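> So that we are looking at the same thing, I have put the structure below in structure tokens.
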Amino acid sequence: MSKTIHNCVIIGSGPAGYTAAIYAARANMNPVVYTGKEPGGQLMITNDVENYPGYPDGIMGPEMMQDFRKQAERFGTTVVNEMIEKVDFSGPVKKIWSETGEEIHAHSIVISTGASAKWLGLPSEKRLMNQGVSACAVCDGFFFRGKDVTVVGGGDTAAEEATYLAKLCPTVHLLVRRDEMRASKIMQERVLKTKNLIVHWNTETVEINGEEFVESVTVKNNKSGEVSEIPTSAFFVAIGHKPNTTIFEGVLDMDDNGYLITKPGTSYTNIEGVFASGDAQDHVYRQAVTAAGTGCMAALDAERFLAAKEII
């Protein structure tokens with residue numbers, strides 16, 4: 001018995017995956033979405049979303065993702081709450097395997113597996129998530145304007161987040177683990193020239209304090225061993241992100257950090273019929289609205305690919 005070959009399978013959900021599904025479904029591609037272990041992606045752990053167009057009063061991240069999913073399903077998208085654990089993109093018909101062992105065939109694949117923020121691993125970090133603990137200053141900094149905040153990290157991301165927050169907050173504390181930053185020279189210069197940005201060198205985070213909301217952070221100086229407490233209203237973790245692209249290693253081109261490489265101005269990967277969108281291929285912007293935009297691009301590219309092959 002021959003196996004059904006889907007026109008388009010979308011691996012991963014979130015703004016990119018669901019947007020790709022909406023466009024693909026409206027183009028009569030009958031897409032199937034495999035949501036992954038975090039249906040809805042990073043927005044499922046985000047409380048207030050105020051910077052996505054169309055929600056003048058803001059919206060909770062999980063509610064927003066539910067809206068995206070309903071819209072995709074309205075046009076005929078099939079959503080499967082399973083992980084994809086293995087892929088074979090070697091032939092014209094792409095093969096993938098779900099966590100249940102099911103083998104799925106498709107003429108085109110859209111990847112929207114996203115990226116996950118790296119965390120320090122403190123219990124208080126998890127307990128105060130969305131109560132002052134965040135991994136995105138651009139997303140959440142606005143909520144803490146006029147208040148003192150803290151950023152942890154020593155790379156470009158931390159430098160960018162700290163200088164961004166310095167425009168909104170009276171004082172920004174930047175906790176750097178070593179006696180130097182890993183950030184590029186130009187970003188280091190911006191940090192050091194920002195008057196309301198205090199750099200704490202050789203500093204480790206011991207604990208984030210607060211009952212319902214972040215109130216302070218306990219830190220330790222690696223050289224002196226001195227432990228102190230910094231009053232703060234928010235704690236931004238900026239130690240990097242890890243793209244969820246492990247299953248594509250050795251199959252798709254990716255950079256040194258695991259982000260998928262796409263042809264400039266498109267969602268095309270190095271394999272014909274496979275398209276990448278969202279944070280799995282974007283290490284620069286990492287916003288819901290840009291992820292949605294690339295999801296749209298991937299669906300349109302997949303549609304044109306299928307049309308050129310006279311599959312649809």
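The values are calculated or read from the model by the stated rules, or taken from the named source; none is laboratory data. Just so it is clear, the structure is predicted and the values come from calculations on it, not from any experiment. So basically every Cβ, Gly included, is an ideal-geometry build from the backbone, and we count neighbours across all protein chains shown.
> If you go through region 180-196 one residue at a time, do you hit one that is touching a His at 6+ places or on another chain (Cβ under 6 Å), touching a residue at least 12 places away in the same chain (Cβ under 8 Å) and surrounded by fewer than 19 Cβ atoms within 10 Å (Cβ to Cβ)?
Initial filter on region 180-196 (touching a His at 6+ places or on another chain (Cβ under 6 Å)): none.
Scanning region 180-196 turns up no residue that is touching a His at 6+ places or on another chain (Cβ under 6 Å), touching a residue at least 12 places away in the same chain (Cβ under 8 Å) and surrounded by fewer than 19 Cβ atoms within 10 Å (Cβ to Cβ).
> From the list PRO31, PRO53, pick out the single residue that is outside the structural domain of ALA137 (by TED's automatic domain parsing) and within 30 Å of LEU128 (Cβ to Cβ). Don't jump to the end; show me each part of the working.
Values: PRO31 fails: within 30 Å of LEU128 (Cβ to Cβ).
On inspection, the qualifying residue turns out to be PRO53.
> Looking at region 265-312, which of its residues are among the β-branched types (Val, Ile, Thr) and under 22 Å from the mean Cα position of the chain (by Cα)?
THR266, THR269, VAL274, VAL284, VAL289, THR290, THR294
> Considering region 197-246 alone, what residues qualify as being closer than 22 Å to MET187 by Cβ, polar (S, T, N, Q) and either without any contact (Cβ under 8 Å) to a residue 24 or more places away in the chain or in a strand (DSSP E or B) (or both)?
If the condition is that a residue be closer than 22 Å to MET187 by Cβ, polar (S, T, N, Q) and either without any contact (Cβ under 8 Å) to a residue 24 or more places away in the chain or in a strand (DSSP E or B) (or both), then THR203, THR205 are the ones that fit.
> Assess whether SER116 counts as being touching a residue at least 12 places away in the same chain (Cβ under 8 Å), within 30 Å of GLY36 (Cβ to Cβ) and touching a helix residue (DSSP H, G or I) at 6+ places or on another chain (Cβ under 8 Å).
Working: touching a residue at least 12 places away in the same chain (Cβ under 8 Å): yes; within 30 Å of GLY36 (Cβ to Cβ): yes; touching a helix residue (DSSP H, G or I) at 6+ places or on another chain (Cβ under 8 Å): yes.
Considered against the rule, which asks whether it is touching a residue at least 12 places away in the same chain (Cβ under 8 Å), within 30 Å of GLY36 (Cβ to Cβ) and touching a helix residue (DSSP H, G or I) at 6+ places or on another chain (Cβ under 8 Å), SER116 comes out as yes.
> Separate question: Can you name every residue in region 130-173 that is more than 15 Å from ALA117 (Cβ to Cβ) and assigned to a strand (DSSP E or B)?
Listed by number, the residues that qualify are VAL149, THR150, VAL172, HIS173.
> I'm trying to understand the selection: among the residues of region 262-293, which are crowded, with 16+ Cβ neighbours inside 10 Å, within 23 Å of GLN71 (Cα to Cα) and of a type in the set (A, V, I, L, M, F, W, C)?
Once the filter is applied, which keeps residues that are crowded, with 16+ Cβ neighbours inside 10 Å, within 23 Å of GLN71 (Cα to Cα) and of a type in the set (A, V, I, L, M, F, W, C), region 262-293 yields PHE275, ALA276, ALA280, ALA288, ALA291, ALA292.
> Pick out the one residue from ALA158, ALA135 that is of a type outside the set (Phe, Trp, Tyr) and under 26 Å from GLY36 (Cα atoms). Break it down into steps so the answer makes sense when it comes.
Values: ALA158 fails: under 26 Å from GLY36 (Cα atoms).
After ruling out the rest, the residue left standing is ALA135.
> Does ALA115 meet the test of being under 20 Å from ALA288 (Cβ atoms), touching a His at 6+ places or on another chain (Cβ under 9 Å) and hydrophobic (A, V, I, L, M, F, W, C)? First the steps, then the outcome.
Numbers: under 20 Å from ALA288 (Cβ atoms): yes; touching a His at 6+ places or on another chain (Cβ under 9 Å): yes; hydrophobic (A, V, I, L, M, F, W, C): yes.
So ALA115 fits the description; yes.
> Could you tell me whether region 226-242 includes any residue that is surrounded by 23 or more Cβ atoms within 10 Å (Cβ to Cβ), of a type in the set (Val, Ile, Thr), within 20 Å of the chain's Cα centre (by Cα) and modelled with pLDDT of 95 or more? So that I can check it myself, show each step before the final result.
Just the residues of region 226-242 that are surrounded by 23 or more Cβ atoms within 10 Å (Cβ to Cβ), to begin with: 232, 234-238.
Checking the rest, the ones that are also of a type in the set (Val, Ile, Thr) come to 232, 237.
The next check asks that each one be within 20 Å of the chain's Cα centre (by Cα); those that pass are 237.
Filter once more, keeping what is modelled with pLDDT of 95 or more: 237.
Among the residues of region 226-242, at least one is surrounded by 23 or more Cβ atoms within 10 Å (Cβ to Cβ), of a type in the set (Val, Ile, Thr), within 20 Å of the chain's Cα centre (by Cα) and modelled with pLDDT of 95 or more, which makes the answer yes.
> Here is a list of conditions, (1) surrounded by fewer than 16 Cβ atoms within 10 Å (Cβ to Cβ); (2) under 22 Å from GLU125 (Cα atoms); (3) touching a Gly at 6+ places or on another chain (Cβ under 9 Å), and PHE142 meets all of them except one; can you say which number that is?
Failing condition for PHE142: (3).
> Just to check your reading of the model, which residue among GLY40, GLY58, GLY14, GLY54 is within 15 Å of the chain's Cα centre (by Cα) and modelled with pLDDT of 85 or more? Steps first, answer last, please.
Values: GLY40 fails: modelled with pLDDT of 85 or more; GLY58 fails: within 15 Å of the chain's Cα centre (by Cα); GLY54 fails: within 15 Å of the chain's Cα centre (by Cα).
Among GLY40, GLY58, GLY14, GLY54, only GLY14 is within 15 Å of the chain's Cα centre (by Cα) and modelled with pLDDT of 85 or more.
> Further question: Considering only region 2-109, give the strands (runs of 3 or more DSSP E) lying wholly within it that have at least 1 residues that are without any contact (Cβ under 8 Å) to a residue 60 or more places away in the chain and of a type in the set (Lys, Arg). It would help to see each step written out before you state the result.
Numbers: elements: 5-11, 32-34, 78-80, 84-88, 94-98.
Ranges flagged: 94-98.
> Out of the residues in region 145-157 meeting the condition of being small (Gly, Ala, Ser) and more than 19 Å from PRO231 (Cα to Cα), tell me which one is surrounded by the fewest Cβ atoms within 10 Å (Cβ to Cβ). Explain how you work it out, then say what you get.
Looking only at region 145-157, we keep the residues that are small (Gly, Ala, Ser), and these are 146, 153-155.
Of the ones still in play, those that are also more than 19 Å from PRO231 (Cα to Cα) are 154-155.
On the way: GLY154: 22, GLY155: 16.
This residue is GLY155.
> Continuing with this model, one more query. Which one of these is among the hydrophobic types (A, V, I, L, M, F, W, C), assigned by TED's automatic domain parsing to the domain that holds VAL149 and within 29 Å of GLU125 (Cα to Cα): VAL289, VAL227, VAL284? Give the steps one after another, and end with the answer.
Working: VAL289 fails: assigned by TED's automatic domain parsing to the domain that holds VAL149; VAL284 fails: assigned by TED's automatic domain parsing to the domain that holds VAL149.
Criteria check complete, one pass: VAL227.
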